[in-house]
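The values are calculated or read from the model by the stated rules, or taken from the named source; none is laboratory data. What you see is a predicted model; the values in this text were computed from it and never measured. Heads up, the Cβs are rebuilt from the backbone with ideal geometry, glycines too, and the neighbour counts pull from every protein chain shown.
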Amino acid sequence: MNDTIVLAYSGGLDTSVALRWLADEYDADVIALLIDVGQGIDAEAVTARALAAGASDVEVIDAREEFATDYVLPVLQAGALYEGRYPLVSALSRPLIGRHLVAVARARGATAVAHGCTGKGNDQVRFETAVAALAPDLAVLAPVRDWGMTREQEIAYAEQHGIEVPVKSGEAFSIDHNLWGRSIEAGPLEDPWVEAPEQAFALTISPERALPAPQVVEIEFEQGLPVAIDGERLDLVSLIGRAGALAGAHGVGRIDMIENRLVGIKSREIYEAPAAALLMAAYGGVEELVCERDLAHTKQELALQYATLIYNGLWYSPLWAALQAFMQHVTGSVTGTAKVKLYRGSCAVVGRTAEGSLYDHGLATYEEGDSFHHGAAAGFIHVWSLPTKTWAAATQPDTVEV
Ligand code: ARG
């Protein structure tokens, strides 16, 4: 009996060639596993392509709801942005796909799983670290990394083996897409001086050509879960889709950055994540009303660590669980609504209200009804500045009088 290998299959050239190559090289049955994370798949066409490439079987799993709830939502709630900007789009889908690879491998008695990543990116690290955490005994194969074929050689291999070569528009780019956003790399983008051409984008219109009038949208949260947009209750997957469409039409959510990959390379990355831009802004708007100061500051620091950890492929790790527990604690109080204005590429919170708001109008007001103890401020400042004053007097005795 042949060995069985489960391959994370996308339907593209790399994984189609990898499929056939694995089957031949290892004399194995290769199960193609296609996970729908909202990238917009034609399951029938992809299944046919996998079978034509030599798959012994194809499994298609609709994981959109699981992806939204278990992976996207924690990142939204944490406000986690890698290097302060990247909402972790691809970094989030890899641990989910890794989990399904392991589950299918177990169910089918496979001896190995496989992915189609090259040796230069972060995704290989994420897949393999996820599998290492969930199934330390399972082998992971990385044919694309091992074979070292150029694109021309891959196309030649595909043609020799009767594998259909998918001709995509935007051929020059390397694209990854899920319901949280889209990443675009390579081709003309490799020159960091060159502005990304319009055809790189699919989820956002350019701010110059965006809707001419501003639009204010209301996003409602219950204990950290976004539940409604403009009063209409939506399940999480639909809500993310709606948020993306609204923000994308206003040119909101484009990111152009030089990113530090885990594998040591600086790369030029273009992202479009309109849903993330809108929902993260809205979430922050409600959270800032309910989150006590020190907690808010610490959360912000930990959010950066949380983002880096996820970026670096450590979703299944004890530190993730500990940071997640911290984030979860904060999330419970985020119940309220934010008003966000979308206009020609900008996305700004212009109003917020929350059930457990800590905003005290009496304390904040400069008008009638002020309840702040002004006299207490003088005493507070005396004690607060005492160490500084003492230091100044000791180090600059001629100029400072105490
Ligand atoms: N640089 C981003 C990341 O590391 C995007 C990766 C996109 N992956 C891809 N296979 N095109 O998360």
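Data overview
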{"quantity": "Residue ID - farthest from Leu309 (Cα to Cα), chosen from residues in the stretch 246-278 that are basic (Lys, Arg) and assigned to a strand (DSSP E or B)", "calculated": "Arg254"}
{"quantity": "Near pairs, Cβ below 9 angstrom, 6+ apart or cross-chain, from the stretch 254-282 (without any contact (Cβ under 8 Å) to a residue 24 or more places away in the chain) to any residue that is within 13 Å of the ligand (Cβ to nearest atom)", "calculated": "Lys266/Ile258; Lys266/Glu259; Lys266/Asn260"}
{"quantity": "Those residues of the stretch 217-245 which are among the charged types (D, E, K, R), farther than 17 Å from Glu355 by Cα and either assigned to a strand (DSSP E or B) or touching a strand residue (DSSP E or B) at 6+ places or on another chain (Cβ under 6 Å) (or both), in sequence order", "calculated": "Asp230, Glu232, Arg233, Arg242"}
{"quantity": "Any hit, the stretch 316-339, residues being closer than 18 Å to Asn178 by Cβ, part of a helix (DSSP H, G or I), in contact (Cβ under 8 Å) with a residue 12 or more places away in the chain and not β-branched (Val, Ile, Thr)", "calculated": "no"}
{"quantity": "Residue among Ala139, Ala158, Ala107 that is within 23 Å of Ser317 (Cβ to Cβ), more than 14 Å from the ligand (Cβ to nearest atom) and either more than 24 Å from the chain's Cα centre (by Cα) or at pLDDT 95 or above (or both)", "calculated": "Ala139"}
{"quantity": "Given (1) over 26 Å from Glu301 (Cβ atoms); (2) of a type in the set (A, V, I, L, M, F, W, C); (3) more than 16 Å from the ligand (Cβ to nearest atom), number of the condition Leu76 does not satisfy", "calculated": "(1)"}
{"quantity": "Candidates Glu287, Glu272, filtered to the one that is within 15 Å of the ligand (Cβ to nearest atom), more than 25 Å from Glu128 (Cα to Cα) and either surrounded by fewer than 21 Cβ atoms within 10 Å (Cβ to Cβ) or of a type outside the set (Gly, Ala, Ser) (or both)", "calculated": "Glu272"}
{"quantity": "Residue in the stretch 288-299 that is more than 19 Å from Leu236 (Cα to Cα), modelled with pLDDT of 95 or more, among the small types (Gly, Ala, Ser) and touching a Leu at 6+ places or on another chain (Cβ under 6 Å) present", "calculated": "no"}
{"quantity": "Residue, farthest from the ligand (Cβ to nearest atom), within the stretch 79-99, restricted to residues that are surrounded by fewer than 20 Cβ atoms within 10 Å (Cβ to Cβ) and not basic (Lys, Arg)", "calculated": "Gly84"}
{"quantity": "Any hit, the stretch 58-71, residues being over 19 Å from Tyr316 (Cα atoms) and touching a Ser or Thr at 6+ places or on another chain (Cβ under 7 Å)", "calculated": "yes"}
{"quantity": "Every residue from the stretch 22-54 that is in a helix (DSSP H, G or I), in contact (Cβ under 8 Å) with a residue 24 or more places away in the chain, within 23 Å of Ile175 (Cα to Cα) and not charged (D, E, K, R)", "calculated": "Ala45, Val46, Ala50, Ala53"}
